[in-house]
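Student: Before anything else, here's the structure in question.
The values are calculated or read from the model by the stated rules, or taken from the named source; none is laboratory data. It should be emphasised that the depicted structure is a prediction, and the values quoted were computed from it without experimental measurement. Cβ atoms come from the backbone with ideal geometry, glycine included; neighbour counts cover every protein chain shown. Note: areas computed on protein heavy atoms with side chains; ligands, DNA, RNA excluded. Shrake-Rupley method; radii C 1.70, N 1.55, O 1.52, S 1.80 Å.
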Amino acid sequence: MNRNAILGGVLLVLLAAIFLPKVLPEKKNYPDLLAQVDSAAVDYIRLEQGGEAITLEKSGESWVLSEPLRFDADPAAVGRLLQGLQEIRVIARTSDNSGYEQDRRFELDDDQARRVTLRQGAETVLDARIGKASSDFSNGFARLEGEEPIYRTAQHLAGRIQTRQSGWIKRQLLDHDGNTLSSLSLNHADGSRMDFANRDSLWTLTATDRRGRVTIEEREASESLLSSIRNTAARFRISDIGADSLVAKVDAEQPDVVLSYTTAGGEEETIRWYRPDPESSKILCRVEGYEPWFETFKSNLDRLEKDPEEFLQKDD
């Protein structure tokens, strides 16, 4: 091999060393996905933050909240969570996080992180910590449990992960058509009573006072006022499980109002309402067939505590 050929070969090697790294794509130092799970196969979810925890478990085709209490879970809320977690895309490696030194900065430390654990049977398919959002809230930060690197994720997931039970319980307890109820009654704490009856789509009111005397007998009821009560009761929703501190203020045997109704199909439902104190903005109730106390909306009880005359159809 002559001298020129050797020099040419050396030159090619040098040129390759200089220019080839610029031509070849740079190797990524992060995975495309932090997690990819089959959301339909997940049957266990645990969410933790700051010492609070929520556990959701699949029971047949439904989800139940099993911690801190056992209660039916809202399938829509669980579905939204799993949809967001089934594929956590990574767009950058934010920090090597040696010795977890950057955890607090990105809200991934024990006090601030939202820890998510998903299982499929006995297999854990995701165990991660979700941190704060980026400055424009378009991305978020996360890392796998037990691993140091922090990644920027394509989604801000922290908002989906909450440990308040009110965010996961099934809030709509009753589901009937309010227009097809056959009767509805209101029993008040003072002993007075209002009975509404549906006869051929015409609602009438019979009222008795606290001494049992009939004060209104089969008079036409106001459809606009009564329909609001019927629909609220027929598709009754709660806001939360009743707090022990509120329950301690009421006597279970002394409800302020007992609302009962019968559906066209003969089903009977009863809701007992309690006001913890006159100034309270929170109302307690108990629903027949359910064990827990519930919190509900103050306006629901306010519209029941009207004078019977207000429920009558006014002449035009």
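Student: Counting only residues 5 or more places away or on other chains, whose amide H sits under 5 Å from the amide H of L126 once H atoms are built in the peptide plane?
Tutor: L118
Student: Right, next: Treat each spin label as a single point 7 Å out from the Cα along the C-beta direction, and report the E223 to E305 distance in nm.
Tutor: For the pair E223/E305, the computed spacing is 3.0 nm.
Student: Which order do S183, S135 take when ranked by solvent-accessible area (1.4 Å probe, heavy atoms of all protein chains), largest first? Present the calculation step by step, with values, prior to reporting the outcome.
Tutor: Numbers: S183 40, S135 120 Å².
If we order S183, S135 from most to least accessible, we get S135, S183.
Student: Can you tell me how the stretch 258-315 classifies by the Cα gyration tensor, rounded, prolate or oblate, using a/c under 1.5 as the rounded cut? It would help to have the intermediate numbers written out before the result.
Tutor: Values: a/c = 3.14, a/b = 1.08, b/c = 2.92.
It comes out oblate by the Cα gyration axes.
Student: Next question. Probe 1.4 Å, all protein chains in place: accessible area of K58 in Å², nearest 10?
Tutor: 70 Å²
Student: Too long at a 29 Å Cα-Cα cut-off: which of K170/K282; K282/K306; K132/K282; K249/K306; K170/K249? Working shown, then result.
Tutor: Working: K170/K282 19 Å; K282/K306 19 Å; K132/K282 32 Å; K249/K306 24 Å; K170/K249 25 Å.
The pairs that break the limit, which is 29 Å between Cα atoms, are K132/K282.
Student: While we're here: Looking at the square roots a ≥ b ≥ c of the eigenvalues of the Cα gyration tensor of the stretch 180-239, which shape do they give, rounded for a/c under 1.5, prolate if a/b is larger than b/c, or oblate?
Tutor: Values: a/c = 2.56, a/b = 1.26, b/c = 2.03.
It is oblate, given that a/c is not under 1.5 and a/b is not larger than b/c.
Student: Please check: in the Gaussian network model of the chain (C-alpha springs, under 10 Å), which one of I161, I216, I88 has the largest mean-square fluctuation.
Tutor: Judging by the Gaussian network model, the answer is I216.
Student: Something else: Given R₀ = 35 Å, what would the calculated FRET efficiency be for R93 paired with F71, taking r from the Cβ atoms and rounding to 0.05? Before the final figure, lay out the partial values.
Tutor: Values: r = 41 Å, r/R0 = 1.16.
Plugging the Cβ-Cβ distance into 1/(1 + (r/R0)^6) gives 0.30.
Student: If you don't mind, another one. Run the simple label-point estimate for S138 and S183 please: 7 Å along Cα→C-beta, distance reported in nm.
Tutor: Going from the S138 label point to the S183 one covers 6.3 nm.
Student: Which of S260, V64, A221 sits farthest toward the positive end of the charge dipole of the chain, with +1 on the Cβ of Lys and Arg and -1 on the Cβ of Asp and Glu?
Tutor: Selected residue: V64.
Student: Can you give the charge dipole size of the chain about its Cα centre, rounded to the nearest 20 debye, using +1 on the beta carbon of Lys and Arg and -1 on the beta carbon of Asp and Glu?
Tutor: Working: 41 positive and 55 negative charges, 356 e Å.
It works out to roughly 1700 debye.
Student: Tell me the carbon and sulfur percent of the accessible area for the chain, rounded to whole percent, probe radius 1.4 Å. Could the numbers behind the result be given before it?
Tutor: Numbers: 7920 of 17680 Å².
Carbon and sulfur atoms account for 45 percent of the accessible area of the chain.
Student: Go through [x] 1.57; [y] 1.16; [z] 1.33 and flag the label whose value is the computed Cα Rg over 2.2 N^0.38 Å for this structure.
Tutor: The value computed from this structure is option [x].
Student: Quick one: compute a quarter of the convex hull surface over the Cα atoms of the stretch 237-278 and quote it in nm².
Tutor: Details: hull surface 15.6 nm².
Hull-based average projected area comes out at 3.9 nm².
Student: Further question: Would you rank E310, E148 by solvent-accessible area, highest first, keeping every protein chain in place and using a 1.4 Å probe?
Tutor: Details: E310 90, E148 70 Å².
Largest to smallest exposure gives the sequence E310, E148.
Student: Length gain on complete extension for the stretch S245 to A154, per 0.36 nm per residue less the alpha carbon to alpha carbon distance? Write out the running numbers ahead of the final one.
Tutor: Values: separation 91, 0.36 × 91 = 32.76 nm, distance 4.17 nm.
Length gained between S245 and A154: 28.6 nm.
Student: Still on this structure, I have one more. Taking Cα centroids, how far is the stretch 196-217 from the stretch 35-100 in Å?
Tutor: 51 Å
Student: Along Cα→Cβ, 7 Å out, is where each label goes; now give me the distance between the ones at S62 and D43 in nm to one decimal.
Tutor: Each label point lies 7 Å from its Cα, and together they span 1.7 nm.
Student: Under the Karplus relation 6.51 cos²θ - 1.76 cosθ + 1.60, θ = phi - 60°, what is the ordered set of whole-Hz ³J(HN,Hα) values for the stretch 184-191, x standing for Gly and Pro?
Tutor: Rounded to whole hertz, the list is 8, 9, 10, 10, 9, 4, 7, x.
Student: Moving on to the next point. If you take the square roots of the eigenvalues of the alpha-carbon gyration tensor of the stretch 155-301 and sort them as a ≥ b ≥ c, do you get rounded (a/c under 1.5), prolate (a/b over b/c) or oblate? Can you show the working numbers first?
Tutor: On the way: a/c = 2.58, a/b = 1.55, b/c = 1.66.
The shape class here is oblate.
Student: Hey, what number do you get for the chain at 222 nm if only DSSP H runs of n ≥ 4 count, each worth -39500 (n - 2.57), divided across all residues, to the nearest 500? If you can, show how the numbers build up before the last one.
Tutor: Working: 5 runs with 53 residues, N = 316.
Calculated mean residue ellipticity at 222 nm is -5000 deg cm²/dmol.
Student: Okay, moving on. With every protein chain left in place, what is the accessible area of F71 in Å² (1.4 Å probe, nearest 10)?
Tutor: Taking all protein chains as shown, F71 has close to 20 Å².
Student: Which whole-Hz ³J(HN,Hα) couplings does the stretch 46-61 yield from phi under the Karplus relation 6.51 cos²θ - 1.76 cosθ + 1.60, θ = phi - 60°, glycine and proline marked x?
Tutor: Taking θ as phi minus 60°, the curve returns 10, 10, 9, 6, x, x, 9, 8, 10, 10, 10, 10, 7, 10, x, 9 Hz for the stretch 46-61.
Student: For the chain, what is the accessible area per residue in Å² when the probe is 1.4 Å?
Tutor: Accessible area per residue: 56 Å².
Student: Mind checking which of A221, A92, A40 has the largest fluctuation in a GNM of the chain, springs on alpha carbons under 10 Å?
Tutor: Among A221, A92, A40, the largest GNM mean-square fluctuation belongs to A40.
Student: State the answer as a single residue: which of N231, S201, L181 lies farthest towards the positive end of the charge dipole of the chain, with beta carbon charges of +1 for Lys and Arg and -1 for Asp and Glu, about the Cα centre.
Tutor: My answer, from the dipole projection, is N231.
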